[in-house]
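The values are calculated or read from the model by the stated rules, or taken from the named source; none is laboratory data. Just so you know, these numbers come straight off a predicted model, no measurement behind them. Cβ coordinates were reconstructed from backbone atoms using ideal geometry, including for glycine residues, and neighbour counts include every protein chain displayed.
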Amino acid sequence: MADDLLVIIPTRGRPQAIPEIVQAWDDTGATADVLFAVDTDDPELAAYKKHAAAYKADGRVRFTFGKRRRLVGTLNAQAVKAAKTYRFLAFLGDDHRPRPAATPWDERIRICLSGGPGIVYGNDLLQGEKMATAVAMTSDIVQTLGYMAPGAMVHLCVDLVWVAWGRGMGRITYLDDMVIEHLHPAAQKAQFDSTYADCNSAERNEADSAAYYDYRDNGGLEADLAKLRKLVEEAS
């Protein structure tokens, strides 16, 4: 179905990931649209633009180029726009790779979310059920909250928020056999590059952790859950 599932992938400094991700789409039989969100100040901008030209004829693949907003800012900007036309929205990092299965992963997402407002995530072979490092949700969640992740966080801890949303609204599914592998240095599956250094610095960890605990403990999470529970009630 056209315009039913969009996967948003903010990416920086890793143009080599683009053909790998598109190949993963091909290997898994995925039909979901994928949007690569690239910063216009990216030092690898020229390489990204070459990929955009190369995949122009592929109806699944799109690129957007804009000012740097960091991961959460970029994700929110694209998700809010896409929620107007797509039924389901997903986030993958540029270091995630869906893996083949009997039923394609994107079809599993559609099936799980077809019953109404909710969140689904799979096994990243690193955090498993603990964190939704890659996630999908119904677009009405984004429309209800006005964002796909709280803007006080820049990069880290949003995977914990998504789990909290899903559990708090009673509409979350973890699919252990839907593998969306996280090729992260913590799993010895990637080199520690400048993007990882920036996103996983002590300063970023401290700031995002503080923002997460403030959101969780000082009313932000409860306010969002009240909206999400109402959404579920109205959809029932």
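If only residues of the stretch 27-69 that are outside any helix (DSSP H, G or I) and of a type in the set (Val, Ile, Thr) are counted, the one that is surrounded by the most Cβ atoms within 10 Å (Cβ to Cβ) is Val38. For the stretch 117-147, the set of residues classified as touching a Pro at 6+ places or on another chain (Cβ under 9 Å) and under 16 Å from Ala79 (Cβ atoms) consists of Ala134, Met137, Thr138, Asp140, Ile141, Thr144, listed by residue number.
All conditions but one from (1) hydrophobic (A, V, I, L, M, F, W, C); (2) touching an Asp or Glu at 6+ places or on another chain (Cβ under 8 Å); (3) buried (at least 18 other Cβ atoms within 10 Å of the Cβ); (4) part of a loop (DSSP other than H, G, I, E, B) apply to Ala101; the one that does not is (3).
The criterion of at least 1 residues that are hydroxyl-bearing (Ser, Thr, Tyr), surrounded by 12 or more Cβ atoms within 10 Å (Cβ to Cβ) and at pLDDT 95 or above is met, among helices (runs of 4 or more DSSP H) falling completely within the stretch 180-236, by 202-217. Considering the stretch 54-74 alone, what residues qualify as being within 12 Å of Asp39 (Cα to Cα) and under 16 Å from the mean Cα position of the chain (by Cα)? Within the stretch 54-74, Phe63, Thr64, Arg69, Arg70, Leu71, Gly73, Thr74 qualify. Residues that are in contact (Cβ under 8 Å) with a residue 60 or more places away in the chain and of a type outside the set (Phe, Trp, Tyr) within the stretch 145-163 comprise Leu145, Gly146, Met148, Ala149, Pro150, Gly151, Ala152, Met153, Val154, His155, Val158, Val161, listed in sequence order.
Restricting attention to the stretch 205-216, does a residue exist that is within 19 Å of the chain's Cα centre (by Cα) and under 28 Å from Ala24 (Cβ atoms)? The answer is yes, given that some residue of the stretch 205-216 is within 19 Å of the chain's Cα centre (by Cα) and under 28 Å from Ala24 (Cβ atoms). Among residues of the stretch 6-26 being outside any loop (DSSP other than H, G, I, E, B) and among the charged types (D, E, K, R), the one that is farthest from Tyr196 (Cα to Cα) is Asp26.
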